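Enquirer: To start, I am sharing the structure in question, which I have written as structure tokens.
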Amino acid sequence: MVAANGSPRTARFNPFRSECVTRLAFRNPAFDKAEVLARWEAAGRRGALVGPHGHGKTTLLDECLADLTAAGETVLREKLSLGQRRIPRPFLEKVRIESSRNTIVVLDGAEQLPWWRWRWFLRSLQKSQGCLITSHRDGQLPTLAFCDTSVELLVDLVTELQGPVSSEQQADLGQLFHTMQGDIRLCLRELYERYSDGRWG
């Protein structure tokens, strides 16, 4: 089976494969990475990237951390998975040991922690340590950016991945966006499956 452009429908040629998707840059018409980092500095080097699942928080986080690392900051990062209600002890020990001004403690998925465990963690940080989190809810730290998505964004990303999007595909993307409740990650995962079995492209 081949796609309309003649490419085989194998994982290697699937435009929605993970290696292509992970190269997509964060984009939002309301703010850019430089603004987010400026807000973070203004908030005392502590803040949150907020938004629902699959709305770009981790992508924005990755790009911010790349800039901070390039500037000489030391990043201590932990990702909390769904249902993970405590921070791993080895990570907490690293945070305790590393207390220099250039250390940034990062929690991706901070909403997983119960409020009392989050408060305990926040109090355990040294004043010299920066903190940057992603969360599905606000109120844990000053909100630096609320990550949102749109059908237009999905179309833009798909165009970057596969090339021009037909009017029929645009209509399908609109439906898919609403079915997945704006979760771009799930949309691209579904497009990978559709491309693989010949329902797309």
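Enquirer: Just name one of 114, 66, 177: the one whose Cα is farthest towards the positive end of the charge dipole of the chain (beta-carbon charges, Lys/Arg +1, Asp/Glu -1).
Expert: 114
Enquirer: In debye to the nearest 20, how big a dipole does the chain give about its Cα centre with +1 on each Lys and Arg Cβ and -1 on each Asp and Glu Cβ?
Expert: 1100
Enquirer: Sticking with this one: Of [x] -0.36, -0.81, -1.01; [y] -0.51, -0.84, -0.98; [z] -0.41, -0.86, -1.02, which one was derived for log10 I(q)/I(0) by the Debye sum over Cα atoms at q = 0.09, 0.14, 0.16 Å⁻¹ from the structure shown?
Expert: [z]
Enquirer: What's the ranking of 177-190, 16-29 by average number of surrounding C-beta atoms within 10 Å, highest first? Let's see the in-between values first.
Expert: Numbers: 177-190: 17.6, 16-29: 14.3.
Per-residue mean Cβ counts within 10 Å order the peptides as 177-190, 16-29.
Enquirer: How much net charge surrounds residue 100 when only other residues with a Cβ under 13 Å from its Cβ are counted (Lys, Arg +1; Asp, Glu -1)?
Expert: So the surrounding residues net to +3.
Enquirer: Given the peptides 153-163, 56-66, 81-91, arrange them by the average over their residues of other C-beta atoms within 10 Å, most packed first.
Expert: 56-66, 153-163, 81-91
Enquirer: Would you calculate, for the chain, the mean residue ellipticity at 222 nm contributed by helices, counting each DSSP H stretch of 4 or more residues as -39,500 (n - 2.57) and dividing by all residues, to the nearest 500?
Expert: Calculated mean residue ellipticity at 222 nm is -12500 deg cm²/dmol.
Only the coordinates and a few stated rules stand behind these numbers; no lab work does. The model shown is predicted, which means the values in this text are computed figures rather than measured ones. Positions of Cβ are generated from backbone atoms using ideal geometry, with glycine treated the same way; all protein chains shown enter the neighbour counts.
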